[in-house]
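Student: One structure follows; several queries about it will come next.
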Amino acid sequence: MTALTPTLPNHLLVAPVLLPLATAALMLLLGEGRRGLKAAFNLLSTCAGLAIAIYLLMDVARRDAAAAFGVYLPGNWPVPFGIVLVADHLSALMAVLTGCVGLAALLFALARWQHAGAYFHVLFQLQLMGLYGAFLTADLFNLFVFFEVLLAASYGLLLHGGGGERVRAGLHYIAINLVASLLFLIGVAVLYGVTGTLNMADIAQKLPAVPASDRGLLHAGAAILAIAFLAKAGLWPLNFWLPQAYAAASAPAAAVFAILTKVGVYAVLRLWTLCFPADAGASAGFGGEVLVWGGIVTLAFGALGMLASQQLARLAGYSVIASSGTLVATIGFAAPALSGGALFYLASSTLAGCAMFLLVELLERARQVEVGPQHIDDGQHALPAFLDAEPPIGTNLDDNEEALTGRAIPAALAFLGVAFTVCALVTAGLPPLSGFIAKLAMLTALLELHTPAAWVLFGLLILSGLCAAIALMRVGVRHFWTAQDRPPPRLRVIETLPIAGLLAAAVALVLQGEAVLAYARATAQSLQAPHLYIDAVMGARPVAGDTGGAP
């Protein structure tokens with residue numbers, strides 16, 4: 001029942017979709033209790049999904065561009081009539097990011113958030129199923145199905161924990177996504193009416209043959225579909241809901257949401273490069289200018305939002321908007337060198353955004369620690385900090401007349417400080433971490449384009465990094481350089497482990513920068529050669545002797 005390239009194990013490509021589905025069903029059978037057993041199943045399934053995604057990425061990376069496609073026909077129906085799953089450079093990268101974000105969010109939730117609702121683990125697995133399915137499917141209708149699965153799960157995760165603020169933000173979030181889903185369905189229907197197919201490779205193959213009389217309808221359907229994707233990606237002005245919703249969500253839910261906007265970006269990147277390449281005739285580059293300038297405006301909006309934010313959670317939300325704007329703008333240029341740097345940036349910003357949302361709760365908890373009883377000066381000593389005598393001559397004193405020398409930084413505070421600093425450097429794109437490498441690659445590519453839009457994006461990338469650095473520095477001062485009389489926060493190891501892992505992955509992107517950039521550039525080259533994807537999908541054949549569901 002498969003049609004796979006010979007190097008991929010049988011049925012492995014469908015595992016990231018079926019595994020979380022089976023895990024969610026099993027946990028539903030366990031009822032509302034047994035949270036410990038559910039947590040064990042959830043963790044095991046999430047780790048297995050990440051391992052499979054890493055294997056798929058390694059398998060794709062070691063092959064040349066023409067053979068770097070794994071195609072799977074679950075029902076053994078011939079293309080384009082049946083469901084098709086495809087693993088290539090881009091989908092494998094997104095699957096690995098999904099697994100990393102999912103594992104980090106789950107580990108953090110095991111400390112306390114899993115107890116805030118009966119069905120957290122079920123919703124979490126359904127969220128992963130929708131994400132993996134959206135990145136691996138090669139069919140527009142199934143993309144819609146997986147979109148709805150991940151959105152339905154995200155509604156529950158956003159409301160997880162209750163509270164008026166979450167309910168208000170959740171209603172806005174649900175409303176905008178329902179409208180986007182309706183537009184998605186309308187766009188799919190229009191494209192099906194014009195092309196007679198929903199398989200993405202088949203659509204791309206048939207577009208040049210669309211008669212001129214139907215070309216306007218084709219473009220209208222593509223534009224409606226793009227609005228749905230860009231609303232989910234957080235493009236301005238369709239992103240008014242995002243900062244409030246992400247700030248209101250619980251820490252693990254917000255961490256998973258860091259990759260939800262990338263689903264919209266992925267869909268635009270996949271369909272735009274596949275259906276409107278340079279050789280698409282009258283439809284070549286359709287909507288490219290809208291993507292470029294829409295992304296630029298979104299990047300500016302995100303940068304200004306970070307500067308205006310007084311809460312770290314809202315600042316993190318605006319940083320997600322800025323990253324989405326950067327990615328959407330680079331898509332419209334259709335330049336492989338620029339796209340390669342943007343894909344490196346996609347991986348770096350996703351890891352940093354996830355870590356930032358997890359850090360929000362820990363930093364806010366540190367600010368809310370109650371201060372213990374204060375020492376009262378009884379007038380018997382010159383300084384309240386020294387109970388026996390005057391401080392030695394030459395001792396450095398702080399504002400409370402306490403000795404600065406020899407004072408150890410609590411381990412929890414040291415961890416938060418280092419983690420926040422690393423996260424801020426990656427988010428702002430400052431050296432020597434992965435955000436800087438990604439921005440440097442994009443800036444270098446923009447210098448070679450010599451267009452007004454390229455120069456605008458070039459300057460805005462630098463200014464947005466400066467805005468992010470100022471905003472994050474201001475937050476750091478407020479959290480670490482004020483209120484020093486607070487006792488250090490108490491952190492659980494299971495809360496610090498996922499943050500450390502995400503930031504370690506960001507550091508690994510630097511240490512393996514050459515290999516990661518090579519993979520990102522190979523991905524960009526593959527996207528700019530859509531015939532490779534079309535040939536791989538349309539060339540897949542059902543397994544002989546196994547009719548499956550085919551007539």
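Student: Which of the residues belonging to segment 523-544 are part of a helix (DSSP H, G or I) and buried (at least 20 other Cβ atoms within 10 Å of the Cβ)? If you could, list the steps in order and put the result at the bottom.
Tutor: We begin by selecting, within segment 523-544, every residue part of a helix (DSSP H, G or I); these are 523-527, 530-538.
Scanning segment 523-544 gives T523, A524, S526, L527, P530, Y533, A536, V537.
Student: Please specify each residue of segment 428-441 satisfying the condition of being touching a residue at least 60 places away in the same chain (Cβ under 8 Å) and under 19 Å from the mean Cα position of the chain (by Cα).
Tutor: L433, S434, G435, I437, A438, K439, listed by residue number.
Student: Please give the number of the condition T197 fails out of (1) touching a residue at least 60 places away in the same chain (Cβ under 8 Å); (2) hydroxyl-bearing (S, T, Y); (3) part of a helix (DSSP H, G or I).
Tutor: (3)
Student: Here's a follow-up. Of everything in segment 29-46, what is surrounded by 14 or more Cβ atoms within 10 Å (Cβ to Cβ) and under 20 Å from G130 (Cβ atoms)? Give them in sequence order.
Tutor: Residues of segment 29-46 surrounded by 14 or more Cβ atoms within 10 Å (Cβ to Cβ): 30, 35, 38-39, 41-43, 45-46.
If the condition is that a residue be surrounded by 14 or more Cβ atoms within 10 Å (Cβ to Cβ) and under 20 Å from G130 (Cβ atoms), then K38, F41, N42, L43, S45, T46 are the ones that fit.
Student: Would you please list the contacts, defined by Cβ atoms under 6 Å and residues six or more apart or on different chains, that run from a residue in segment 513-532 that is more than 26 Å from V426 (Cα to Cα) to a residue that is part of a loop (DSSP other than H, G, I, E, B)?
Tutor: Filtered contacts from segment 513-532: P530/P277.
Student: Now, a different point. For segment 101-122, what are the residues that are closer than 23 Å to V145 by Cα and surrounded by fewer than 24 Cβ atoms within 10 Å (Cβ to Cβ)? Before you say what the answer is, go through the steps one by one.
Tutor: Residues of segment 101-122 closer than 23 Å to V145 by Cα: 101-102, 119-122.
Scanning segment 101-122 gives Y119, V122.
Student: Yes or no: segment 11-33 includes at least one residue that is in contact with a Leu (Cβ under 7 Å, 6 or more places away or on another chain), assigned to a loop (DSSP other than H, G, I, E, B) and either over 30 Å from A515 (Cα atoms) or at pLDDT below 90 (or both).
Tutor: yes
Student: Among D535, D485, which is the only one that is within 30 Å of N76 (Cβ to Cβ), at pLDDT below 90 and acidic (D, E)? So that I can check it myself, show each step before the final result.
Tutor: Numbers: D485 fails: within 30 Å of N76 (Cβ to Cβ).
D535 is the lone residue from the list that is within 30 Å of N76 (Cβ to Cβ), at pLDDT below 90 and acidic (D, E).
Student: Let me ask something additional. For segment 219-260, what are the residues that are more than 20 Å from F301 (Cβ to Cβ) and hydroxyl-bearing (S, T, Y)?
Tutor: S250
Student: Suppose we filter L238, L183 for residues that are more than 16 Å from the chain's Cα centre (by Cα) and either more than 21 Å from L151 (Cα to Cα) or part of a helix (DSSP H, G or I) (or both); which single one remains? I'd like the intermediate steps shown before the answer.
Tutor: Numbers: L238 fails: either more than 21 Å from L151 (Cα to Cα) or part of a helix (DSSP H, G or I) (or both).
Criteria check complete, one pass: L183.
Student: Now a separate question. How many residues are surrounded by fewer than 21 Cβ atoms within 10 Å (Cβ to Cβ) and part of a helix (DSSP H, G or I) when one looks only at segment 284-300? Before you say what the answer is, go through the steps one by one.
Tutor: First, the residues of segment 284-300 that are surrounded by fewer than 21 Cβ atoms within 10 Å (Cβ to Cβ): 284-290, 293, 297, 300.
Those left that are additionally part of a helix (DSSP H, G or I): 288-290, 293, 297, 300.
Selection size over segment 284-300: 6.
Student: Still on this structure, I have one more. Out of K262, K206, I need the residue that is closer than 21 Å to T350 by Cβ, charged (D, E, K, R) and either modelled with pLDDT of 85 or more or surrounded by fewer than 24 Cβ atoms within 10 Å (Cβ to Cβ) (or both). Which one? Explain how you work it out, then say what you get.
Tutor: Values: K206 fails: closer than 21 Å to T350 by Cβ.
Matching residue, one of K262, K206: K262.
Student: Just to be sure I understand the filter: pairs with C-beta atoms under 8 Å, separated by 6 or more residues or on different chains, first member in segment 49-65 and part of a loop (DSSP other than H, G, I, E, B), second member loosely packed, with under 15 Cβ neighbours inside 10 Å and not aliphatic (A, V, I, L, M). Which pairs pass?
Tutor: If the second residue must be loosely packed, with under 15 Cβ neighbours inside 10 Å and not aliphatic (A, V, I, L, M), the pairs left are R63/T7.
The values are calculated or read from the model by the stated rules, or taken from the named source; none is laboratory data. Every value quoted in this text rests on a predicted model; they were computed, and no experiment measured them. Cβ: placed from backbone, ideal geometry, glycine included. Neighbour counts: every protein chain shown.
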